Amino acid sequence: MKRLFLLLPALLFLTRSGAQELNCNVQVVSQQIQGTNKQVFQTMQTAIYEFMNTRVWTNNVFKSEERIECNLLINITDQPASDQFTATMQVQSRRPVFGTSYNSVMLNYMDNNVQFNYVEFQPLEFNENSYNSLTSLLAFYAYYIIGLDYDSYSLYGGTDYFLKAEKIVDNAQSSSDKGWKAFDGKSNKNRYWLVKNILDKNYEPVREFIYRYHRLGLDVMQSKPNEGRAEIASDLKLLQKVYRQKPDFYMHLLQVVFDSKSDELANIFSESYPDEASRVLAILGEVDPADARKYEKIKK
C-alpha cells in the first residue's frame, strides 16, 4: 500500500502531461551576446520548454498524438542588464492533414519586437489577469496557436482562445515593452494587430477560409484530390473579398496567412487543370503579389 501511494504522484503527472495541448520545440540562440554567463540561456530554454509543454491551456483533453506541433526560435540580440533581454522570435505551428503523414503550416510568424525579463531558476508563473513580460508573451502565442488550430476544425472554433490572447494584449498596454501596442513595429506588424485583426468582423472571411481550406479542402484531398483542390480554389475568393474591402491599410492578417500558405498553395495548384489554374493565378496575383514567383510553378 505504501508503495502504491508513492507511485500515485508519478502516475498523475504522466496522465496530465499526456493531456497537454502543445508539443512545442524551443530553441534559444545567443551568439550575438558576448562575455556573459552562457548557462543562463540553456536554463532559459529549458524553463520556456517546460512552461509551454506542461501547462494546461484549455479545458479539453488531448491524446499524446493530438498535441499541436509548434516551434519557438528565440534569438537573443541584446542583454541590457543581467535579467533583461531583447530578442526576435520565430513562431511556427503545424496541423496534420487527415489520412496522410503531411503537416500543413498554420503559422509562420517573425516577431521582431521581443523584450522580457528573466531571472535564472526563478519559476515561470502566468496569471491571466496581470502582465509578466516573459510568460505573457509565451501565453499569447500559445493561445494564438491553439486558436488557429481550433479554427481549422470548426468555423470560428478558436474564438475563446483568441479572446484570451486579446486579454493578454490589453493587460500589456501599461507596459513599456515593445510589440504590444498599436503603433509598435512597422506596417502594423505586432501582437496587438495580430489578435485584434483576427477578432475583427471585417476579417471573418479569413477565418472562414482557414476552416474551409483545411477541413473541407486539405482533409479530403487524400481520397478526393480534385474535389479538395476545387474547394480550396473557391475558398481563395474569401481572401479576395477581404483584400478588396481592405479592413486595414497594411492587410497584416492576410500577409500572415500567405506567409504560412504560399508554398503550399503553389504545390497544390501545380497539379491543377488549366482553367482552374488560370482562375487561381488571377486571384493570387491580385491578393498576394509579393509571392508571385512562387506561384509561377502553377503555370507549368
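Please specify each residue of the stretch 37-66 satisfying the condition of being surrounded by fewer than 16 Cβ atoms within 10 Å (Cβ to Cβ) and of a type in the set (D, E, K, R). Selection gives 38, 50, 63, 65, 66.
Of all the numbered requirements in (1) within 22 Å of the chain's Cα centre (by Cα); (2) modelled with pLDDT under 95; (3) surrounded by fewer than 17 Cβ atoms within 10 Å (Cβ to Cβ), residue 300 misses one, and that requirement is (1). Inclusion of residue 198 among residues that are farther than 22 Å from residue 90 by Cα and of a type in the set (Val, Ile, Thr) is not warranted. Total residues in the stretch 207-245 satisfying the condition of being surrounded by 15 or more Cβ atoms within 10 Å (Cβ to Cβ), of a type in the set (Asp, Glu) and farther than 16 Å from residue 155 by Cβ: the figure is 0. In this entry, residue 192 is excluded by the filter for residues that are over 21 Å from residue 113 (Cβ atoms) and either modelled with pLDDT of 95 or more or not basic (Lys, Arg) (or both).
Put simply, of 133, 152, 175 the only residue that is surrounded by fewer than 23 Cβ atoms within 10 Å (Cβ to Cβ) and either closer than 20 Å to residue 71 by Cβ or acidic (Asp, Glu) (or both) is 152.
The values are calculated or read from the model by the stated rules, or taken from the named source; none is laboratory data. Remember, predicted model here, so these are calculated numbers, not experimental data. Note that each Cβ is placed from the backbone with ideal geometry, even for glycine, and that neighbours are counted across all protein chains shown.
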